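First comes the structure, then the notes that go with it.
What follows draws every value from the coordinates through simple rules; no lab data is involved. Being a predicted model, the structure only gives us computed values, none of them experimental. Please note: Cβ atoms are built from the backbone with ideal geometry, for glycine as well, and neighbour counts cover all protein chains shown.
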């Protein structure tokens with residue numbers, strides 16, 4: 001049986017463990033996932049919240065907290081330091097010291113500041129917060145990737161192609177931008193492709209998904225947007241230090257299945273072999289991803305946030321401890337230098 005995507009990353013994390021901060025440290029699922037991180041020697045979980053409450057919850061769950069860090073922001077010296085640093089951020093530049101001190105005590109902001117200042121390697125939030133509450137501090141605090149202005153999210157699917165082979169698919173944007181513009185779709189495609197390469201060392205093959213393939217007659221504004229996004233992305237590819245294949249607009253079956261691609265006469269490197277699937281809007285991506293998670297026998301992880309210069313994820317409030325562990329492993333793996341992540345083989349950059 002082939003090694004799963006997550007197991008391959010765990011093996012690498014055991015060699016290069018990382019620090020992942022959880023703003024909702026008292027949530028039972030967070031504590032359970034953190035125990036697994038320690039037990040499997042993947043890194044150091046940092047639990048934010050009321051220390052007494054976290055210890056009480058762990059006792060109820062019969063979970064040993066050894067190997068985890070527990071931080072109660074109100075009791076730390078860093079809270080004062082972070083309040084001073086917060087004045088350097090545009091959104092808080094006019095805030096009073098008292099207002100900044102109050103913001104810092106919000107564990108979502110504290111976690112973002114930890115990552116931004118190198119005190120943690122990545123953040124996994126959203127276990128008990130609304131999507132906007134979890135995402136807003138990250139957008140205000142974490143730096144963006146150079147050359148990109150769009151923050152988006154992706155879902156990773158680990159699909160068993162056969163007994164000896166697995167296929168890892170990156171679906172975006174699945175949670176952030178309801179109706180992205182063409183330039184935003186281009187950003188989403190490239191940042192997702194970069195992440196897929198970092199985690200798999202496989203050449204990204206981007207498909208801009210549509211209900212039609214290379215249509216010459218469609219009057220749809222969505223199809224027009226996808227065509228524009230494809231052209232914008234093509235123009236950017238020569239500036240990137242990474243080889244990326246691209247096709248759009250293309251139907252999902254032609255993007256994923258080689259036989260269908262041949263039958264529909266879609267002659268491209270991507271057709272039938274796409275691993276980065278870009279949806280035209282949040283309606284189609286969310287519906288598709290939820291259906292896949294419910295109907296298909298594949299493993300799914302996310303939402304992983306892209307566009308930031310630091311690793312971050314915003315999980316669903318319905319996520320299980322297993323889901324949280326998987327997402328944390330992916331976030332931590334992003335913090336490993338790629339040459340160390342694939343030190344036992346050449347990366348495409350070395351070829």
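Starting from the Cα gyration tensor of region 13-144, take the square roots of the eigenvalues, sort them a ≥ b ≥ c, and report rounded, prolate or oblate (rounded when a/c is under 1.5, otherwise prolate if a/b is larger than b/c, else oblate).
prolate
Hey, can you rank 173-183, 64-74, 29-39 by average C-beta count inside 10 Å, highest first?
Details: 173-183: 19.1, 64-74: 16.5, 29-39: 21.6.
So the peptides 173-183, 64-74, 29-39, ranked by packing, come out 29-39, 173-183, 64-74.
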Region 298-344 - percent relative contact order, Cα under 8 Å, separation 6 or more:
33 percent
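Mind ordering 247-258, 304-315 by average Cβ neighbours within 10 Å, highest first?
On the way: 247-258: 21.8, 304-315: 25.0.
So the order, starting with the most tightly packed, is 304-315, 247-258.
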Net lengthening on full extension, residue 78/residue 40 (0.36 nm per residue, minus Cα-Cα):
10.8 nm
Spacing of the two label points (7 Å from each Cα toward its C-beta) at residue 106 and residue 128, in nm
1.6 nm
Region 213-261 shape via C-alpha gyration tensor axes, a/c threshold 1.5:
oblate
Provide Rg and Dmax in Å for region 146-307, with only Cα atoms included in the calculation.
14.5, 44
Tell me, how many Å apart are the Cα centres for region 199-237 and for region 85-151?
33 Å
Against the globular-protein guess of 2.2 N^0.38 Å, express the Cα radius of gyration of region 220-351 as a ratio, rounded to two decimals.
1.22
State the extension gain, in nm to one decimal, for the chain segment bounded by residue 322 and residue 243, taking 0.36 nm per residue of separation less the distance between their alpha-carbons.
25.1 nm
What value, in deg cm²/dmol to 500, does the helix sum -39500 (n - 2.57) over DSSP H runs of n ≥ 4 give at 222 nm once divided by the residues of the chain?
-13000 deg cm²/dmol
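Report the per residue volume, in Å³, of the convex hull enclosing the C-alpha atoms of the chain.
On the way: hull volume 50.7 nm³, N = 351.
It comes to 144 Å³ per residue, whole-number rounded.
How high is the relative contact order of region 97-171, given as a whole-number percent (alpha carbon pairs under 8 Å, six or more residues apart)? Mind dumping the intermediate values first?
Numbers: 53 pairs, mean separation 15.6, N = 75.
Answer for region 97-171 is 21 percent.
Report the calculated FRET efficiency for residue 53 and residue 203 (r = Cβ-Cβ distance, R0 = 41 Å), to the nearest 0.05.
Plugging the Cβ-Cβ distance into 1/(1 + (r/R0)^6) gives 0.30.
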Most exposed to least, judged by fewest other Cβ atoms within 10 Å, 214, 322, 339 sort to 339, 322, 214
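Using the number of other C-beta atoms within 10 angstrom as an exposure proxy, rank 287, 324 with the fewest first.
Details: 287 12, 324 27.
With the sparsest Cβ surroundings first, the list reads 287, 324.
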Can you give me the relative contact order of the chain as a percent, contacts being Cα pairs under 8 Å and 6 or more apart?
22 percent
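Once the piece of chain linking residue 236 and residue 339 is laid out straight, how much longer is it, given 0.36 nm per residue of separation minus the C-alpha distance between them? Intermediate values should be presented prior to the final figure.
Numbers: separation 103, 0.36 × 103 = 37.08 nm, distance 2.44 nm.
The residue 236-residue 339 span can extend by a further 34.6 nm.
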